[in-house]
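> Starting off with a structure, shown below.
The values are calculated or read from the model by the stated rules, or taken from the named source; none is laboratory data. This is a predicted model, so every value here is computed, not measured. No Cβ is skipped: glycine too gets one built from the backbone with ideal geometry, and neighbour counts run over all protein chains shown.
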């Protein structure tokens, strides 16, 4: 319980969340079977270069390895056949005309409507829309402005990208907009089509990501009418440059003089280095924030952590609490959603808070490329 926490009437509150889950699911077994065919073909086609030592043999995937390494059992995707086609290994996404909804707005609308229903708000009461996700599907016009138009919302909107921390960073921006009076009802949205930036051709990467979209409604406590409200006690952001997670796809690629390795234009990471670097950074980050708001780790009922790797989350929570957390204290959704980038911690919050009571405190935390870390300490009103 958040004993002694002073809550002002003009605090910012979370009044609703929404989740869009794509229609298709891919199991580890399906994914591994597809990549096995692709790997065998590639090794056969490059047998001479491999024998001369010019290329390394590619390793076959294994469904058991995937779950052991990550905790992931399956993932949702917007399109399945292309991902599982050994000759393609990426989704089939039909080109849409300018008069059609973008794919990210199509994903966003059901999530936003669910969040607004929880908040007791109409779309025309929204006056700020922020889309934060790892990949924006076009440069301009902003997808957030298209979503604002599709909703019939007023005010303003913009897109932002801080990779896996885009959700918490966009929530910080929403909190600031509410506190400075530039908005009255903020919707932050995280339409992650990670299947389009993933590298499905390599064993170390092919299993990591899944697609999803989340939405969060933020309002001032004075204005909120929702039955369920979560007051924001504090937001803390941090970034530190690292190349350990990288994707070089961008508009300059077509103008670069030298051709790039195609694997530079999709997700890549140095997994062991990321684990070693990020775990202590997140632990220190959360501990510092809890100290700043005057709370001890043992007073936190729930940790909704970024959903990238089960062992990483367990170690972070263990170092904060001094013991391994149970599944209630640090809920896991990556077993069936995989890593949905910025949406992961919000999915965990959306699906795992119904049992909490007034005064219960939780920490929302994301971490990823950048490096970037964002966290919110929130209390159920």
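> I'm trying to understand the selection: among the residues of region 201-231, which are assigned to a loop (DSSP other than H, G, I, E, B), in contact with a strand residue (DSSP E or B) (Cβ under 9 Å, 6 or more places away or on another chain) and closer than 23 Å to residue 94 by Cβ?
Scanning region 201-231 gives 210, 211.
> Testing residue 187 on (1) more than 23 Å from residue 78 (Cβ to Cβ); (2) touching a residue at least 60 places away in the same chain (Cβ under 8 Å); (3) part of a strand (DSSP E or B), one condition comes back false. Which one is that?
Looking at each condition in turn, residue 187 falls short on (1).
> Looking at region 92-123, which of its residues are more than 19 Å from the chain's Cα centre (by Cα) and closer than 30 Å to residue 203 by Cα?
If the condition is that a residue be more than 19 Å from the chain's Cα centre (by Cα) and closer than 30 Å to residue 203 by Cα, then 92, 93, 94, 95 are the ones that fit.
> Those residues that are over 30 Å from residue 37 (Cβ atoms) and under 19 Å from the mean Cα position of the chain (by Cα), I need them from region 176-203; list them, please.
The initial filter retains those residues of region 176-203 that are over 30 Å from residue 37 (Cβ atoms), namely 176-191.
Passing the criteria: 186, 187, 188, 189, 190, 191.
> Something else now. So which residues in region 311-332 are in a loop (DSSP other than H, G, I, E, B) and touching a residue at least 40 places away in the same chain (Cβ under 8 Å)?
The initial filter retains those residues of region 311-332 that are in a loop (DSSP other than H, G, I, E, B), namely 322-332.
Matches in region 311-332: 332 only.
> Please specify each residue of region 29-61 satisfying the condition of being surrounded by 17 or more Cβ atoms within 10 Å (Cβ to Cβ) and assigned to a loop (DSSP other than H, G, I, E, B).
Answer for region 29-61, where residues must be surrounded by 17 or more Cβ atoms within 10 Å (Cβ to Cβ) and assigned to a loop (DSSP other than H, G, I, E, B): 58, 61.
> Related question: Can you confirm whether residue 176 is assigned to a helix (DSSP H, G or I), free of Cβ contacts under 8 Å to residues at least 40 places away in the same chain and under 27 Å from residue 240 (Cα atoms)? Spell out how you get there, then give the answer.
Numbers: assigned to a helix (DSSP H, G or I): yes; free of Cβ contacts under 8 Å to residues at least 40 places away in the same chain: yes; under 27 Å from residue 240 (Cα atoms): yes.
Yes, satisfied.
> What tally of residues in region 333-353 results from selecting those that are without any contact (Cβ under 8 Å) to a residue 60 or more places away in the chain and in a helix (DSSP H, G or I)?
Counting residues in region 333-353 that are without any contact (Cβ under 8 Å) to a residue 60 or more places away in the chain and in a helix (DSSP H, G or I) gives 1.
> Determine which member of the set 303, 263 is modelled with pLDDT of 95 or more and within 19 Å of the chain's Cα centre (by Cα). Don't jump to the end; show me each part of the working.
Working: 263 fails: within 19 Å of the chain's Cα centre (by Cα).
Answer to the selection: 303.
> Right, another one. Could you check region 140-162 and list, in sequence order, the residues that are more than 16 Å from residue 213 (Cβ to Cβ) and in contact (Cβ under 8 Å) with a residue 24 or more places away in the chain?
Selection gives 152, 153, 154, 155, 156, 158, 162.
> Of the residues that make up region 21-28, is at least one at pLDDT 95 or above, out of contact with any strand residue (DSSP E or B) (no Cβ under 7 Å at 6 or more places or on another chain), surrounded by fewer than 16 Cβ atoms within 10 Å (Cβ to Cβ) and over 30 Å from residue 188 (Cβ atoms)?
No, region 21-28 has no match at all.
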